[in-house]
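None of the figures in this text is laboratory data; all of them are computed from the coordinates on show. Predicted model only: the values in this text are computed from it and were never measured. Don't worry about glycine lacking a Cβ; one is built from the backbone with ideal geometry, like all the others, and counts go over all protein chains shown.
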Amino acid sequence: MPEREAGGSLGTPTDEVRDFLRRRREQIAQRWADEPLFRTVFTVSRDEAVEAGKAVVDALAQVADAQRVEDPDAAGFSAVREQLARMGAARARAGLSPTQVAGELAALWPPVENLLVADLDQAPPQGLRECSTTLSVLLGTLRLVAMQTALSEGQALIDRQRLQLLEVATPVIKLWDGIVAVPLIGTLDSARSQVVMETLLNAVVEQHARFAILDITGVPTVDSLVAQHLMKTVAAARLMGAECVVSGIRPAIAQTIVHLGLDLGTVKTRASLADALGYCLHELGTNIVQAPDGAGRR
């Protein structure tokens, strides 16, 4: 590109920034490769960090070309959102807070600013200031996109971990051939009730269970919502060919159910897990014989 004459006029600031990014793509990427955000994420080789930097510069140039330097939803950012999310997640795993990650993103500005000043050294001061402001806004939008993407990825990770914890907290125990049980502990909400239902139904299929016991001994309170979830689970198990028994109904919970006017008449209930197991074994035709006193003792 021919050198501008001293005092020569510039195009619009956005167009100048676009052209600058395309001209200095390699130099910007080389400088970014030495910044912590790139250097500590792309550890296989420096060339990998440089290529990542080039992809970000290309995205910025595309956003500038579309005249949308203040828009985090600009199409140009789509190509690098996954990369930015990976970078943000890697720094978060390294123990950095969102504020520290934002600081590393902000550190990308000085190398680019220095190149811009050198590239437009013959431009009028006013034109240089306008281009610098436009480029600053564009990189500010990049930081916003990166933080939004990182936060979205972080929330998705939290949701996945929460679901995994719900599954771990809802174990299905095989008590006998044809009998499975789910001991519930803690509060039942809609999300956990859905996990309970799915886990129980899968166990019914895998174990060929004829009976499924829902033990609510560890559930602190039973309200109309919890009762509704239990009824849905019982109905779903029945559709799968298994009879569902609810156990662990303590006196306080029984009184609450009565006061709420909840009808559990179609649901088999037992006071304890042992009672429920005894009922299921009896229905299977298995006799429980109590050992004589002293049997098995040494």
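Per the Debye calculation on region 177-297 with a single equal scatterer at every Cα and no solvent contribution, log₁₀ I(q)/I(0) for q = 0.13, 0.22 Å⁻¹ amounts to -0.52, -1.29.
Shown in residue order for region 250-260 are the 3J(HN,Hα) couplings computed by the Karplus curve 6.51 cos²θ - 1.76 cosθ + 1.60 at θ = phi - 60°: 7, x, 5, 5, 4, 5, 4, 4, 5, 5, 7 Hz (x for Gly and Pro). The packing ranking, built from the mean of other Cβ atoms within 10 Å per residue, places the peptides 189-196, 204-211 in the order 204-211, 189-196, highest first. If R0 is taken as 51 Å, the Cβ-Cβ distance between Thr187 and Gln122 corresponds to a FRET efficiency of 0.15.
A convex hull fitted around the alpha carbon atoms of region 48-120 yields 109 Å³ per residue.
Divide the volume of the convex hull around the Cα atoms of region 249-289 by the residue count and you get 61 Å³ per residue. Computed from Cα atoms alone, the Kirkwood hydrodynamic radius reported for region 103-262 is 20.2 Å.
Rg of the Cα atoms in region 10-54, relative to 2.2 N^0.38 Å, amounts to 1.36.
Note on the chain: antiparallel DSSP beta bridges, both residues inside, total approximately 20 percent of the bridges counted. Placing R0 at 25 angstrom, the Cβ-Cβ distance between Glu206 and Leu284 gives a FRET efficiency of 0.85 after rounding to 0.05. With only the Cα atoms considered, region 1-141 has a convex hull volume of 99 Å³ per residue. As a check on your grasp of the helix formula, calculate [θ] at 222 nm for the chain: sum -39500 (n - 2.57) over DSSP H runs of n ≥ 4, divide by the residue count, round to the nearest 500. That calculation yields -19500 deg cm²/dmol at 222 nm. Debye-formula intensities of the chain, expressed as log10 I(q)/I(0) at q = 0.13 Å⁻¹, are -0.87 (one equal scatterer per alpha-carbon, no solvent). Here the 3J(HN,Hα) profile of region 114-124, calculated from phi with Karplus coefficients 6.51, -1.76 and 1.60 at θ = phi - 60°, is 4, 5, 5, 4, 5, 6, 10, 5, 9, 7, x Hz, Gly and Pro shown as x.
Computed from the C-beta positions of Leu151 and Arg238 and an R0 of 41 Å, the FRET efficiency is 0.40 to the nearest 0.05.
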